[in-house]
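So the structure is just underneath, and the comments pick up after that.
What follows draws every value from the coordinates through simple rules; no lab data is involved. Source: prediction; values computed, not measured. Reconstructed Cβ throughout: ideal geometry from the backbone, glycine too, with neighbour counts over all protein chains shown.
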Amino acid sequence: MNSENPLLNCSFPQALVHVDADAFFTSVEQAMHPHLKGRPVVTGKERGIIACASYEAKALGIRRGISLGEARKICPDLIVLPSDYESYSIYSKRIFEIMRRFTPEVEEYSIDEAFADLTGLRRYHRMSYPEIARKIQKSIEAELDLGVSVGLSLSKGLCKIASDYKKPKGLTVVQGRHIHLFLKRIPLEEVWGFGRNTVQLLRKYGLQTAFDFVQQPEKWAKKMLGKPGLEIWHELRGVNLLPVTSSPKPANISIGKGKTFTAPSADQAFIYAKLVRNVESALIRLRRHKQRTKEIHIALRLKNFHEFGLGAQLNRATDSTQEILPVVKQLFEKIYRPGFEYRTTQIWLSRLESANSTQFDLFENRIEIDRYERLTKTIDEINARFGKHKVHTGTALKLNDAPQNSRAELPWRKMNLLPGETARQRLYLPLLNIKV
């Protein structure tokens, strides 16, 4: 193939955009607290590890995943905040709502990014595809005070790379006849879907850029990387194999719940109480989705991040906390190692099935099962009326003995309630920290 010739001789046979919020968690904090703008801010105080760093912090070399101790050595004046996931969720939904004003086909990819299909909407909006993309970007910034980066191209794969190309607040447009020029600037490790091992494999064959990859024959791409690699090969050439899906996501195939302690602990009773609280929360969510589980897995993570896990299959599918806890207790006792400090407990519920399709077993104890169901229903009704975990297992009382330190600080929104709000029930609205 002649590298000077374009891969396509058209501009936009279809037009997709990928909108990606810039440093989302810290940007939301700076939007809610305008006095933090221009200052190095990170979130993750409750975990002791940086969850998100503002661009001011990134400029100093502070990155996601490093410890707060390391970050403070780099920047003693670093502003460290507890993560406020409730507020992040509110801003996330607002972003998607703004996008839906321009097209009904919006796919929520994660809390801070989404794809949208703009194909055929130029006449409706009376503007070009790049102008529509820019209008989306400007609307989000004007209404939410958040910066987003936008990639506009022919396929999801190209859009994802394009949105990351000029961060922050970038808009990168890659039309069909310019794809080859764009891919020459993209190293293999920046291709959406390529992991480290794939990049190393391709480099052994002399490939360095995304353009080098798409120059290879289709059969070669399939032979080297299989079906996933072939899909990426087509996507990079502007053939959209992954249409934007605006329909709700399919039912959960698993439900997980994990909690990092504000301070690592070696207290066995406290660690088990944390795990039990995870079990209660995961099963509340399971029942909300009207599902039952037939397999559970638990994991304990040490202070040094080493992790131990174990799973078990249940005799029958259930959504009852009381029915599952004896199994959880057995698994915990098998993997718990005394003398170590732990930082996280986790549980996953898998092999889910609908709670509406009950199948009776000839030898099951229906009296006991009915008792579990009545108890669970009563607890859910009380908690729905008076607040989550108002009724809980006695084991969870140990959580009141949690050691307190600076990492236990609540997010600002939870400490500044509006009239009528409670710790568990708040208006689903963003709140700005502005003094007038």
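So how strong a dipole does the range 20-153 carry about its Cα centre when Lys and Arg Cβ are +1 and Asp and Glu Cβ are -1, to the nearest 20 debye? Provide the component values of the computation, followed by the final result.
On the way: 19 positive and 20 negative charges, 67 e Å.
Charge dipole of the range 20-153: 320 debye, to the nearest 20.
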* Report, to the nearest 10°, how far helix 85-100 tilts away from the longest principal axis of the Cα atoms in the chain, using its own Cα long axis and a range of 0 to 90°. => 40
* **In nm, spacing of pseudo-spin labels at TYR428 and HIS306 (7 Å Cα→C-beta vector)** => 4.4
* What residues have an amide H closer than 5 Å to that of GLY256, excluding those fewer than 5 places away on the same chain, when H is modeled at 1.01 Å from N in the peptide plane? -> LEU349
* Asked: Within straight cross-link reach of LYS160, meaning Cα distance under 17 Å, which lysines are found once same-chain residues fewer than 8 apart are removed?
  -> LYS169, LYS184
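Taking 2.2 N^0.38 Å as the expected size of a compact globular protein, what ratio does the Cα radius of gyration of the range 20-153 give against it, to two decimals? Don't skip to the answer; put the middle values down first.
Numbers: Rg = 16.6 Å, N = 134, 2.2 N^0.38 = 14.1 Å.
Working it through for the range 20-153, the quotient is 1.18.
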* **Selected from SER11, GLY311, ILE298, residue furthest toward positive end of dipole (the chain; charges at beta carbon)** => SER11
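At 25 °C and 0.890 mPa s, what whole-number value in µm²/s does Stokes-Einstein give for the translational diffusion of the chain, with Rh from the Kirkwood sum over Cα pairs? Could the numbers behind the result be given before it?
Numbers: Rh = 25.0 Å.
Estimated diffusion coefficient is 98 µm²/s.
Specify the longest stretch of the chain that does not include any exposed loop site, a site being one of the chymotrypsin sites (Phe, Trp or Tyr not before Pro) with a non-H, G, I, E, B DSSP assignment and at most 13 other Cβ atoms within 10 Å. All intermediate terms of the calculation are to be shown ahead of the outcome.
Numbers: sites that count: TYR205, PHE305, PHE360, PHE363, TYR428.
Longest site-free region, per DSSP loop and neighbour criteria: 1-204.
Please give the calculated 222 nm ellipticity per residue for the chain, where each DSSP H segment of at least 4 residues contributes -39500 (n - 2.57) and the sum is spread over every residue; nearest 500 deg cm²/dmol? The partial results should precede the final answer.
Values: 15 runs with 163 residues, N = 436.
Result for the chain, helices only: -11500 deg cm²/dmol.
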* Links that overshoot a 23 Å alpha carbon limit, given the list LYS259/LYS388; LYS167/LYS219; LYS45/LYS259; LYS167/LYS257 -> LYS167/LYS219; LYS167/LYS257
* Structure fact -> With T = 4 °C, eta = 1.567 mPa s and Kirkwood Rh from C-alpha pairs, the Stokes-Einstein D of the range 139-259 in µm²/s is about 81
* Shape call for the range 254-403 from the C-alpha gyration tensor, a ≥ b ≥ c root eigenvalues: rounded (a/c under 1.5), prolate (a/b greater than b/c) or oblate? -> prolate
* Asked: Which angle between 0 and 90 degrees, to the nearest 10, do you get for helix 268-288 versus the longest principal axis of the chain when only C-alpha atoms count?
  -> 70
